[in-house]
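Trainee: Supplied in structure tokens, the structure appears directly below.
The values are calculated or read from the model by the stated rules, or taken from the named source; none is laboratory data. Here the structure is a predicted model, which is why all the values come from computation and not from measurement. FYI the Cβ positions are ideal-geometry reconstructions off the backbone, even for glycines, and counts take in every protein chain you see.
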Amino acid sequence: MTTGEQNYLLLQEIEANRRFLLMAYRQNPKLLDGAEARIKQIFEVAAPVVSDEVNSAGLKRQRGVSLIELIMFIVIVSVAVAGILLVMNVTTRGSADPLIHKQALAIAESLLEEVELMPFTYCDPDDPAAGLDTTVDTTACTVPVGGEAIGPEVGETRYSAATPFDNVNDYAGCQMNTGAVNACDTTGNNGIRDINGNAIGPTTGYSASVVITLTGVTLLPALPDADALLITVTVTGPDGTPVVVEGIRTRYSPRI
């Protein structure tokens, strides 16, 4: 062995001894109580400088997790992942529901707007007394006698070119695509359509109904009950869940 190799091994042994003494001092500083002042000074200066080195190579090096901790981590993560996958599965199955609901809502709002835009006169618009300034109530009406009633007049249908619906009241009891033949759906199974016969939304899977109720007194106690109507439109989609929208039509132009 050459002198250089011997010197290198000697330096390694000195460094190892230095590390050991520094660790011993850090764990029990009282070991130097009987040492000379110069020795105490060396250790007190050297210990802070090599503290990180001692920590990384000494007893405090033990870091990480035990086998039990690792198993608990795996179990907890597995339960959490299973819950997330379950939520994703339910969300995927019901992903079509919002589309059905939005389509039913669009149909209901379209029908409600159609009804609300109709006239709300004392007399049927076909009655000569309908537009007279002297007509101030339903007593002057002759077609039919007594003025408009809830429900369509005889012969009037929603799609008729000659005698179409011409008043809000006509839509009472209206049903579309329910299998029931009525003034709103002359076939009972013709889909949901507008007054021009054009389909509103999908032609199958959706049905609609309209209910009209006198609500004048409920709206304002001093108002005649027949001067305000509550319009309730219900649309049911393929999922069987009904979508209901409501609106109120008041008699603000009784002779038009």
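Trainee: What are the pairs, 6+ residues apart or on separate chains, where a residue within segment 183-201 that is at positive phi has its Cβ under 9 Å from a residue that is of a type in the set (D, E)?
Mentor: Matching pairs, first to second residue: G191/D185.
Trainee: Would you check which residues across segment 131-175 are within 40 Å of the chain's Cα centre (by Cα) and hydroxyl-bearing (S, T, Y) and list them?
Mentor: Within segment 131-175, T157, Y159, Y171 qualify.
Trainee: Would you tally the residues in segment 74-123 being over 28 Å from V235 (Cβ atoms) and surrounded by 15 or more Cβ atoms within 10 Å (Cβ to Cβ)? Step through it out loud before you land on a result.
Mentor: At the first step, the residues of segment 74-123 found to be over 28 Å from V235 (Cβ atoms) are 74-89, 122-123.
Still in the running and surrounded by 15 or more Cβ atoms within 10 Å (Cβ to Cβ): 122-123.
So the count comes out to 2.
Trainee: From T91, T138, grab the single residue that is in the same structural domain as C184 (by TED's automatic domain parsing) and of a type in the set (S, T, Y).
Mentor: On the way: T91 fails: in the same structural domain as C184 (by TED's automatic domain parsing).
One residue alone meets the criteria, T138.
Trainee: Here's something else I'd like to know. Within segment 174-187, is there a residue that is surrounded by 19 or more Cβ atoms within 10 Å (Cβ to Cβ), over 25 Å from G247 (Cβ atoms) and in contact with a strand residue (DSSP E or B) (Cβ under 9 Å, 6 or more places away or on another chain)?
Mentor: no
Trainee: When you scan segment 115-138, how many residues do you find that are β-branched (V, I, T) and either touching a Leu at 6+ places or on another chain (Cβ under 6 Å) or over 16 Å from R251 (Cα atoms) (or both)?
Mentor: Of the residues in that region, 1 qualify.
Trainee: Name the residues in segment 5-17 that are at pLDDT 70 or above and of a type outside the set (A, V, I, L, M, F, W, C), would you?
Mentor: E5, Q6, Y8, Q12, E13, E15, N17 - these are the residues of segment 5-17 that are at pLDDT 70 or above and of a type outside the set (A, V, I, L, M, F, W, C).
Trainee: As an exercise: evaluate V136 against (1) part of a loop (DSSP other than H, G, I, E, B); (2) in contact with a Ser or Thr (Cβ under 9 Å, 6 or more places away or on another chain) and give the number of the one condition it does not meet.
Mentor: (2)
Trainee: Separate question: Identify all residues within segment 99-130 that are under 48 Å from the mean Cα position of the chain (by Cα) and not in a helix (DSSP H, G or I); write none if there are none. Spell out the reasoning first.
Mentor: Pass one, segment 99-130, residues under 48 Å from the mean Cα position of the chain (by Cα): 99-126, 130.
L117, M118, P119, F120, T121, Y122, C123, D124, P125, D126, A130, listed by residue number.
Trainee: Condition check: in contact (Cβ under 8 Å) with a residue 40 or more places away in the chain and of a type outside the set (D, E, K, R). Does A140 satisfy that?
Mentor: Numbers: in contact (Cβ under 8 Å) with a residue 40 or more places away in the chain: no; of a type outside the set (D, E, K, R): yes.
Against the criterion (in contact (Cβ under 8 Å) with a residue 40 or more places away in the chain and of a type outside the set (D, E, K, R)), A140 does not qualify.
Trainee: How many residues does segment 124-139 hold that are surrounded by 17 or more Cβ atoms within 10 Å (Cβ to Cβ) and over 29 Å from A199 (Cα atoms)?
Mentor: 5
Trainee: Six or more apart or on different chains, Cβ under 9 Å: which pairs go from a residue in segment 79-104 that's modelled with pLDDT under 85 to one that's β-branched (V, I, T)? Could you list them?
Mentor: So the pair list comes out as D97/T241.
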